[in-house]
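Working notes for the structure below.
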Amino acid sequence: MRIFKPLALLGVSVMLTACGGDMSDLDQFIAETKTRHIGKVDPLPEFPPYQTFDYDAQDLRNPFRPQTDLGVSAVAQTQYDGPRPEATRRKEILENFPIDSLKMVGLLQQKTQTWGLVRDPDGTIHRVQPGNYAGLNHGKIVKVNETKIDIVELVPDGLSGWVNREAQLAMADD
């Protein structure tokens, strides 16, 4: 073992001397590369200074809330004296369909009584007279004659009130 250590030390020193040598070609390549590739970095762009913004629209209406829900006070709602739907009235069958899906298909008369015949989208025929309701907007039938049925609907005005709108069911051609 004593002989092995000096022999190993001699072998390592011989190998290290072999690593040294002429590196002039490597030094020349590095010098050429440095002179050939002169890089230029562009300066950072100029940014305008940040402008602050004062938000002062807190008191305006929220655009994401429906217009019918404008938060009108209870006092304003109780003072409203315009038309409004009857809350206690039972809905009739024709109030389940939009007005434009209903068709007047005929007229029925018996002595002094006159009824309009209305077909719903399901194909069922209903007998109506003034005072009956039809359509999704609280439409009240006000007049029935040979060619049409006159209806007055109650539609929201967007400000917690209601307005009357006239509609008609004309006699169907089919």
Just wondering, is there one or more residues in segment 73-83 that are closer than 21 Å to Glu166 by Cβ and modelled with pLDDT of 80 or more? yes
Could you tell me how many of the residues in segment 31-64 are modelled with pLDDT under 75 and either within 30 Å of Ser160 (Cβ to Cβ) or of a type in the set (Phe, Trp, Tyr) (or both)? 0
When Gln28 is evaluated against the numbered criteria (1) surrounded by 10 or more Cβ atoms within 10 Å (Cβ to Cβ); (2) modelled with pLDDT under 75; (3) over 30 Å from Pro156 (Cα atoms), which criterion, by number, is the only one it fails? (2)
Considering (1) farther than 29 Å from Arg65 by Cα; (2) assigned to a loop (DSSP other than H, G, I, E, B), say which one Arg84 fails and leave the rest. (1)
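The values are calculated or read from the model by the stated rules, or taken from the named source; none is laboratory data. Every value quoted in this text rests on a predicted model; they were computed, and no experiment measured them. Ideal geometry is used to build each Cβ from the backbone, glycine not excepted, and the neighbour counts take in all protein chains shown.
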